[in-house]
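Colleague: Below are the structure tokens for one structure; questions will follow.
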Amino acid sequence: MYAVETQNLTKRYGKTQALKGLDFMLDSEEIMVLLGPNGSGKTTLLLILATVLKPTSGTAKVGSYDVTKQPTKVRQVLGISFQEARGFWRHKPAEILRFHAAICGVPKSRRDTAIEEILKDLELWEARNKLFMHLSGGQAKRLEVSKLLIQRPKLAIFDEPSSQVDLRGKRKIWEQIRKLREEGSTILIATNEVREAEYLADRVTILDQGKSVTCDSVKNLKDEITGGDIVELELEPGTDSARLQEELKQIQGTVSLVSGGENRYKAHVSIAEAWVPKMTNLCFKRKTRLLSVRVTEPSLDDVFLHFTGKALETPKNA
């Protein structure tokens, strides 16, 4: 049984079709990242799973529970951190977390200790006496994430968990999300930030215009890009460069090879970890000394471009 499964899931808003027959599966105790631009259907999928929205057609299940037929059962095993932080304007962070802990059934004996720990871990302790309405955007977002860290649900859903947060704060949020998974939760994250996806994902599902384009591990998705890896070489002076250049081109996996100046080359290859050993073996046979090797793999921006034919929008605060 999957932790989440959708079949032919469709959602329409008037004439706009946000999800178009989406088939999606999430395994237990994995971190799945939904990667896509604004308008790709990420938030719509999350809100359907959280029983906030009803699908137009198709089915969606959380574990064995149908989100339409058994919404109460779904809410008992699921928690969601919304894209826009939610809170009572005149309440303080600890009060908001205490209320959330109470309605989610967190034992009263450990609420205060857990709340203090989370506020300190996400650097909100100094803002504990501020009213929600006076929190910065980044503080409010960290407070929204804190709700799930207090609740610790079986399925934790995060919609852009580190938006509006600085890099230091992002890292702290990501570490807490990983810790949540290590303790047994299944994690589903929607984002359009590739750095977040690369740091967290066991698998990535690329969504575009309401459809799943592809789903796999980050490594496998990058390996799908022919010639996506770049290997930069510097050889010792005096090398028979013309001969070696032709031999390098013949190595399996070489897509292109260009000279970057005297004794320097840039090779576009498929799967650099397989190409580099062949290259070093060739240099050893030719008694050519390698002065430096630098490998650059494609980013998830490149992956998105490869599978959709367009660039992924980068958040301004990323």
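The values are calculated or read from the model by the stated rules, or taken from the named source; none is laboratory data. Nothing here was measured: the structure is a model prediction, and the numbers come from that model. No Cβ is skipped: glycine too gets one built from the backbone with ideal geometry, and neighbour counts run over all protein chains shown.
Colleague: Please state which one of V67, V77 is in contact with a Pro (Cβ under 7 Å, 6 or more places away or on another chain) and at pLDDT 95 or above. Working first, answer last.
Modeller: Values: V67 fails: in contact with a Pro (Cβ under 7 Å, 6 or more places away or on another chain).
Answer to the selection: V77.
Colleague: Go through the residues of region 88-104 one by one and say whether even a single one is exposed (fewer than 14 other Cβ atoms within 10 Å of the Cβ), in contact with a helix residue (DSSP H, G or I) (Cβ under 8 Å, 6 or more places away or on another chain) and not in a loop (DSSP other than H, G, I, E, B).
Modeller: Pass one, region 88-104, residues exposed (fewer than 14 other Cβ atoms within 10 Å of the Cβ): 88-90, 102-103.
Remaining after also requiring in contact with a helix residue (DSSP H, G or I) (Cβ under 8 Å, 6 or more places away or on another chain): 88-90, 102.
Imposing the further condition that a residue be not in a loop (DSSP other than H, G, I, E, B) reduces the set to 102.
Yes, region 88-104 has at least one match.
Colleague: Based on what the data block shows, is I230 at negative phi and not in a strand (DSSP E or B)? Spell out how you get there, then give the answer.
Modeller: Numbers: at negative phi: yes; not in a strand (DSSP E or B): no.
Against the criterion (at negative phi and not in a strand (DSSP E or B)), I230 does not qualify.
Colleague: Kindly check whether there is at least one residue in region 281-300 that is over 30 Å from M32 (Cβ atoms), of a type in the set (S, T, Y) and in contact (Cβ under 8 Å) with a residue 12 or more places away in the chain.
Modeller: Residues of region 281-300 that are over 30 Å from M32 (Cβ atoms), as a first pass: 281-294.
After this cut, where a residue has to be of a type in the set (S, T, Y) as well, the list is 288, 292.
Restricting the remaining residues to those that are in contact (Cβ under 8 Å) with a residue 12 or more places away in the chain gives 288, 292.
Yes, because at least one residue in region 281-300 is over 30 Å from M32 (Cβ atoms), of a type in the set (S, T, Y) and in contact (Cβ under 8 Å) with a residue 12 or more places away in the chain.
Colleague: I would also like to ask the following. If S163 passes every condition in (1) in contact with a helix residue (DSSP H, G or I) (Cβ under 7 Å, 6 or more places away or on another chain); (2) at pLDDT 95 or above but one, which one does it miss?
Modeller: Among (1) in contact with a helix residue (DSSP H, G or I) (Cβ under 7 Å, 6 or more places away or on another chain); (2) at pLDDT 95 or above, S163 violates only (2).
Colleague: For region 269-303, which positions are surrounded by 12 or more Cβ atoms within 10 Å (Cβ to Cβ) and aromatic (F, W, Y)?
Modeller: W275
Colleague: In the set E182, E234, which member is free of Cβ contacts under 8 Å to residues at least 60 places away in the same chain, assigned by TED's automatic domain parsing to the domain that holds F88, charged (D, E, K, R) and over 30 Å from L19 (Cβ atoms)? Quick ask: steps written out before the conclusion?
Modeller: Working: E234 fails: assigned by TED's automatic domain parsing to the domain that holds F88.
None of the other options fit; the residue is E182.
Colleague: Could you give every pair whose Cβ atoms fall below 9 Å, whose first residue belongs to region 97-108 and is more than 20 Å from V77 (Cβ to Cβ), and whose second residue is in a loop (DSSP other than H, G, I, E, B), counting only separations of at least 6 or pairs across chains?
Modeller: Note: pairs meeting the criteria are F99/F88; F99/H91.
Colleague: Please indicate, with yes or no, whether at least one residue in region 234-244 is at pLDDT 90 or above and surrounded by 11 or more Cβ atoms within 10 Å (Cβ to Cβ). It would help to see each step written out before you state the result.
Modeller: Let us first name the residues in region 234-244 that are at pLDDT 90 or above, namely 234.
Narrowing the set further to residues that are surrounded by 11 or more Cβ atoms within 10 Å (Cβ to Cβ) leaves 234.
Yes, the conditions are met somewhere in region 234-244.
Colleague: If a residue must be crowded, with 17+ Cβ neighbours inside 10 Å and in contact with a Leu (Cβ under 7 Å, 6 or more places away or on another chain), how many such residues does region 108-125 contain? First the steps, then the outcome.
Modeller: So in region 108-125, the residues crowded, with 17+ Cβ neighbours inside 10 Å come out as 111, 114-115, 118-119, 121-122, 124.
Narrowing the set further to residues that are in contact with a Leu (Cβ under 7 Å, 6 or more places away or on another chain) leaves 115, 118, 124.
Selection size over region 108-125: 3.
Colleague: Could you give me the residue pairs with C-beta distances under 6 Å whose first residue belongs to region 158-179 and is under 13 Å from E123 (Cα atoms), whose second residue is basic (K, R) wherever it lies, and which are 6+ apart or on separate chains?
Modeller: Pairs that qualify, where the first residue is under 13 Å from E123 (Cα atoms) and the partner is basic (K, R), are V165/K141.
Colleague: Still on this model: Using the structure shown, decide if G79 is within 27 Å of R128 (Cβ to Cβ), of a type outside the set (D, E, K, R) and either part of a loop (DSSP other than H, G, I, E, B) or out of contact with any Cys (no Cβ under 9 Å at 6 or more places or on another chain) (or both).
Modeller: Working: within 27 Å of R128 (Cβ to Cβ): yes; of a type outside the set (D, E, K, R): yes; either part of a loop (DSSP other than H, G, I, E, B) or out of contact with any Cys (no Cβ under 9 Å at 6 or more places or on another chain) (or both): no.
No; evaluated as a whole, the condition is false for this residue.
Colleague: Which of the residues spanning region 68-102 are of a type in the set (G, A, S) and within 23 Å of V165 (Cβ to Cβ)? Full working, then the answer.
Modeller: Step one: filter region 68-102 for residues of a type in the set (G, A, S), giving 79, 81, 85, 87, 94, 101-102.
Hits for region 68-102 are G79, S81, A85, G87, A94, A101.
Colleague: Anything in region 265-300 that is assigned to a strand (DSSP E or B) and in contact with a Ser or Thr (Cβ under 9 Å, 6 or more places away or on another chain)? List them, or say none.
Modeller: Residues of region 265-300 assigned to a strand (DSSP E or B): 265-269, 290-296.
Within region 265-300, Y265, K266, A267, H268, V269, L290, V293 qualify.
Colleague: Take region 1-58 and flag every residue that is under 19 Å from Q76 (Cα atoms) and in a loop (DSSP other than H, G, I, E, B).
Modeller: M1, Y2, A3, D27, S28, E29, A50, T51, V52, L53, K54, listed by residue number.
Colleague: I'd like to verify a number: residues in region 166-222 that are surrounded by fewer than 21 Cβ atoms within 10 Å (Cβ to Cβ) and assigned to a loop (DSSP other than H, G, I, E, B), how many?
Modeller: 6
Colleague: Which members of region 62-108 meet the condition of being basic (K, R) and more than 26 Å from the chain's Cα centre (by Cα)?
Modeller: First, pick out the residues of region 62-108 that are basic (K, R): 69, 73, 75, 86, 90, 92, 98, 108.
Residues satisfying the conditions are K69, K73, R90, K92, R98, K108.
Colleague: Quick check on E246: is it part of a loop (DSSP other than H, G, I, E, B), outside the structural domain of R195 (by TED's automatic domain parsing) and farther than 25 Å from E198 by Cβ?
Modeller: Numbers: part of a loop (DSSP other than H, G, I, E, B): no; outside the structural domain of R195 (by TED's automatic domain parsing): yes; farther than 25 Å from E198 by Cβ: yes.
Taking the combined requirement at face value, the residue does not satisfy it.
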